[in-house]
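K.L.:
Mind having a look at this structure? Questions to follow.
The values are calculated or read from the model by the stated rules, or taken from the named source; none is laboratory data. Every value quoted in this text rests on a predicted model; they were computed, and no experiment measured them. Cβ placement follows ideal geometry from the backbone for every residue including glycine, while neighbour counts extend to all protein chains displayed. Surface accessibility is based on the protein's heavy atoms, side chains included, excluding ligands, DNA and RNA. Shrake-Rupley method; radii C 1.70, N 1.55, O 1.52, S 1.80 Å.
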Amino acid sequence: MTEHPTISIADTAGFCFGVKRAVKLANEAPERHPDQKIYTLGPIIHNPQVVEQLAAKGVVKVDHITEIAEGVIIIRSHGITRQLAEEIAAKPGLTIIDATCPFVRRAQEIVARMSERNYEVVIIGEPDHPEVAGLISYGDPQHTWVVTSPKELPEPFFTNRKPSRIALLAQTTQSQELYNQVAAALLPIKGELRCFNTICTATSDRQSEALTLADKCDCMLIIGGRNSANTNRLYELSKASQPNSHHIETARDLRPEWVAGCTSIGISAGASTPQWLIDEVVRKIEELGENHPV
Ligand code: SF4
């Protein structure tokens with residue numbers, strides 16, 4: 001009797017809530033605005049296949065707002081700076097579809113609110129990441145700080161004679177461990193410390209589930225764009241635990257020798273990988289199983 005390998009797909013594989021929402025808005029845009037051109041500021045997500053599909057529907061990527069004077073502009077899930085939002089709003093010919101993830105929006109609102117109340121705002125995050133650039137822009141430049149570790153906290157927080165008022169938050173994809181370390185390092189300040197946990201668990205949940213699968217499967221396939229940072233990270237983590245791990249963009253990249261002889265195959269996918277790409281990979285594995293029984 002032919003025995004097929006078991007295929008386990010991570011529950012967390014593929015689109016997170018914010019990306020699903022952004023792609024849905026982009027897909028619906030041509031029907032909702034049939035008489036206008038539709039643009040995204042940068043690729044809507046880091047997945048070339050989804051960007052291609054949208055381009056075929058007429059949703060075009062532009063790199064800068066100066067490239068367009070009219071039409072519909074879709075804002076990506078990780079948000080934009082306040083200045084850019086104002087620049088777009090000032091163009092009378094543009095209709096805005098704001099696909100900023102509500103979790104990112106909440107973090108932006110916290111920065112704005114705490115800055116208005118004269119708190120020093122500390123953001124844990126990658127200084128060059130667009131989401132962080134957006135967060136910073138909602139704060140007072142003199143009193144908004146980005147740190148990647150407790151060591152980078154400004155010295156005056158601890159030496160000021162005047163009590164400090166500090167608000168702490170994080171880029172949504174930061175680790176809870178780092179957040180706890182920075183919060184603990186701030187505890188000795190004189191004054192007031194307000195901690196806002198703005199971390200979204202979509203990334204860490206996906207990583208821990210992929211690791212669990214990698215531990216028990218003979219082969220791990222991580223599906224997602226080569227330009228997707230979270231897919232690359234998922235692959236690195238999986239590879240460290242299961243050497244027979246492979247990063248593929250589509251079913252075409254899957255090599256039969258990777259799965260030959262395997263009894264259990266695990267699949268996960270980055271936050272920007274659509275379900276249909278995952279389904280294609282599963283179909284390909286099943287076809288291979290039929291042609292080469294294990
Ligand atoms: S990872 Fe979290 S914060 Fe980022 S887009 Fe997805 S749901 Fe939103």
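K.L.:
Among Ala22, Ala13, which is the only one that is part of a helix (DSSP H, G or I), under 24 Å from Thr250 (Cβ atoms) and either of a type in the set (D, E, K, R) or in contact with a Ser or Thr (Cβ under 9 Å, 6 or more places away or on another chain) (or both)?
P.N.:
None of the others qualify; the one that does is Ala22.
K.L.:
Here is a follow-up. Given the structure, is Pro43 under 17 Å from the mean Cα position of the chain (by Cα), more than 15 Å from the ligand (Cβ to nearest atom) and open to solvent by less than 50 Å² (accessible area, probe 1.4 Å)?
P.N.:
For Pro43, the condition - under 17 Å from the mean Cα position of the chain (by Cα), more than 15 Å from the ligand (Cβ to nearest atom) and open to solvent by less than 50 Å² (accessible area, probe 1.4 Å) - is not met.
K.L.:
Let me ask something else. Which one of the conditions (1) at pLDDT 95 or above; (2) within 25 Å of the chain's Cα centre (by Cα) does Ala271 fail to meet, given that it meets all the rest?
P.N.:
With respect to (1) at pLDDT 95 or above; (2) within 25 Å of the chain's Cα centre (by Cα), Ala271 is out only on (1).
K.L.:
For the stretch 181-197, which residues satisfy the criterion of being open to solvent by 50 Å² or more (accessible area, probe 1.4 Å) and either among the hydroxyl-bearing types (Ser, Thr, Tyr) or within 16 Å of the ligand (Cβ to nearest atom) (or both)?
P.N.:
Asn197
K.L.:
Please give the number of the condition Leu234 fails out of (1) within 16 Å of the ligand (Cβ to nearest atom); (2) buried (at least 22 other Cβ atoms within 10 Å of the Cβ); (3) under 24 Å from Gln53 (Cα atoms).
P.N.:
(3)
K.L.:
Next question. Could you go through the stretch 175-185 and let me know if any residue there is farther than 12 Å from Ala10 by Cβ and touching a residue at least 60 places away in the same chain (Cβ under 8 Å).
P.N.:
yes
K.L.:
Might you check whether a residue that is surrounded by fewer than 22 Cβ atoms within 10 Å (Cβ to Cβ), of a type in the set (Val, Ile, Thr) and within 13 Å of the ligand (Cβ to nearest atom) occurs anywhere in the stretch 203-225?
P.N.:
Yes, because at least one residue in the stretch 203-225 is surrounded by fewer than 22 Cβ atoms within 10 Å (Cβ to Cβ), of a type in the set (Val, Ile, Thr) and within 13 Å of the ligand (Cβ to nearest atom).
K.L.:
Hey, among the residues in the stretch 76-88 that are more than 16 Å from the ligand (Cβ to nearest atom) and farther than 11 Å from Ile65 by Cα, which one's least open to solvent (accessible area, probe 1.4 Å)?
P.N.:
Residue satisfying both the conditions and the ranking: Thr81.
K.L.:
So, one more: Condition check: surrounded by fewer than 20 Cβ atoms within 10 Å (Cβ to Cβ) and within 16 Å of the ligand (Cβ to nearest atom). Does Pro127 satisfy that?
P.N.:
So Pro127 fails the test.
K.L.:
So, Ser238, is that one within 24 Å of Cys200 (Cβ to Cβ), among the small types (Gly, Ala, Ser) and over 17 Å from the mean Cα position of the chain (by Cα) or not?
P.N.:
Yes.
K.L.:
Farther than 27 Å from Arg226 by Cα and outside any loop (DSSP other than H, G, I, E, B) - does that describe any residue in the stretch 45-63?
P.N.:
Among the residues of the stretch 45-63, not one is farther than 27 Å from Arg226 by Cα and outside any loop (DSSP other than H, G, I, E, B), which makes the answer no.
K.L.:
Is at least one residue of the stretch 166-180 surrounded by 15 or more Cβ atoms within 10 Å (Cβ to Cβ), in the same structural domain as Gln108 (by TED's automatic domain parsing), among the aromatic types (Phe, Trp, Tyr) and farther than 14 Å from Cys195 by Cβ?
P.N.:
no
K.L.:
What about Pro141, is it more than 30 Å from Gly14 (Cβ to Cβ), open to solvent by 60 Å² or more (accessible area, probe 1.4 Å) and in the same structural domain as Thr66 (by TED's automatic domain parsing)?
P.N.:
no
K.L.:
Within the stretch 130-143, does at least one residue satisfy the condition of being closer than 20 Å to Cys200 by Cα, within 16 Å of the ligand (Cβ to nearest atom) and in a strand (DSSP E or B)?
P.N.:
Checking the stretch 130-143: not a single residue is closer than 20 Å to Cys200 by Cα, within 16 Å of the ligand (Cβ to nearest atom) and in a strand (DSSP E or B).
K.L.:
Looking at (1) open to solvent by less than 30 Å² (accessible area, probe 1.4 Å); (2) of a type in the set (A, V, I, L, M, F, W, C); (3) assigned to a loop (DSSP other than H, G, I, E, B), find the lone condition where Cys200 falls short.
P.N.:
Looking at each condition in turn, Cys200 falls short on (1).
K.L.:
Shifting gears a bit: Taking the stretch 14-27, which residues are open to solvent by 50 Å² or more (accessible area, probe 1.4 Å) and away from the ligand (no atom under 11 Å from the Cβ)?
P.N.:
Across the stretch 14-27, the qualifying residues are Lys24, Asn27.
K.L.:
Any chance you could count how many residues in the stretch 243-271 are of a type in the set (Ser, Thr, Tyr) and open to solvent by less than 10 Å² (accessible area, probe 1.4 Å)?
P.N.:
Number satisfying all stated conditions: 2.
K.L.:
Next question. From Ala69, Ala56, grab the single residue that is closer than 23 Å to Trp276 by Cα, open to solvent by 20 Å² or more (accessible area, probe 1.4 Å) and either within 16 Å of the ligand (Cβ to nearest atom) or small (Gly, Ala, Ser) (or both).
P.N.:
Ala56
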